[in-house]
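Here's a structure for you.
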Amino acid sequence: MTRATSVDTELAIERLEAQVGRLLQAGVWLAAGCLTAGLVLWMALGPTAPVNLLLTGGLVVLMLTPLARVVASLVAYVRLRDWFFVVTTALVFLVLITAWLLKS
């Protein structure tokens, strides 16, 4: 690997980390917004169907945020052709899906 390729790879990894960070932050903010709105509406209106949907949606978004991180990382590692991390991330994804399926 040449010096230029090494620098390009390092820059790509830094961009990946920034993008994944933004993805996680957006997921947490979206979940927090749904949960906050749901809680405020629940206190004002009581347990109605739209309020329960908002609260459930907030929890689902919060639970799916780490899975979205794994998928985003997998796509980025494929683009970088970093096959060790592609396999590792795919295994993590498989473990998460298996645990979810076994829990159901």
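Considering the range 95-104 alone, what residues qualify as being in a helix (DSSP H, G or I) and farther than 12 Å from LEU67 by Cβ?
THR98, LEU101, LEU102, LYS103
Just checking, which of LEU67, LEU74, LEU94, LEU80 is exposed (fewer than 14 other Cβ atoms within 10 Å of the Cβ) and under 30 Å from ALA18 (Cβ atoms)?
Testing whether each residue is exposed (fewer than 14 other Cβ atoms within 10 Å of the Cβ) and under 30 Å from ALA18 (Cβ atoms) leaves just LEU94.
Within the range 1-35, restricting attention to residues that are of a type outside the set (A, V, I, L, M, F, W, C) and in contact (Cβ under 8 Å) with a residue 12 or more places away in the chain, which residue is nearest to ASP82 (Cα to Cα)?
Taking the candidates together, the pick is THR9.
Restrict the check to the range 66-80 and report whether at least one residue is of a type outside the set (Ser, Thr, Tyr), farther than 30 Å from ASP8 by Cβ and touching a residue at least 24 places away in the same chain (Cβ under 8 Å).
Checked the range 66-80: no residue is of a type outside the set (Ser, Thr, Tyr), farther than 30 Å from ASP8 by Cβ and touching a residue at least 24 places away in the same chain (Cβ under 8 Å).
Mind checking which residues of the range 47-64 are surrounded by fewer than 17 Cβ atoms within 10 Å (Cβ to Cβ) and either in contact (Cβ under 8 Å) with a residue 60 or more places away in the chain or farther than 27 Å from LEU16 by Cβ (or both)?
PRO47, THR48, ALA49, PRO50, ASN52, LEU53, THR56, GLY57, LEU59 - these are the residues of the range 47-64 that are surrounded by fewer than 17 Cβ atoms within 10 Å (Cβ to Cβ) and either in contact (Cβ under 8 Å) with a residue 60 or more places away in the chain or farther than 27 Å from LEU16 by Cβ (or both).
Is it fair to say THR65 is of a type in the set (Val, Ile, Thr), part of a helix (DSSP H, G or I) and at pLDDT 95 or above?
In short, no.
Any chance you could count how many residues in the range 7-36 are under 11 Å from VAL61 (Cα atoms), of a type in the set (A, V, I, L, M) and within 12 Å of the chain's Cα centre (by Cα)?
5
Tell me yes or no: at least one residue of the range 37-50 is part of a helix (DSSP H, G or I), modelled with pLDDT of 95 or more and within 22 Å of the chain's Cα centre (by Cα).
yes
The values are calculated or read from the model by the stated rules, or taken from the named source; none is laboratory data. Bear in mind that the values here come from a model prediction, so they are computed numbers and not experimental data. Every residue, glycine among them, receives a Cβ derived from its backbone with ideal geometry; neighbour counts consider all protein chains shown.
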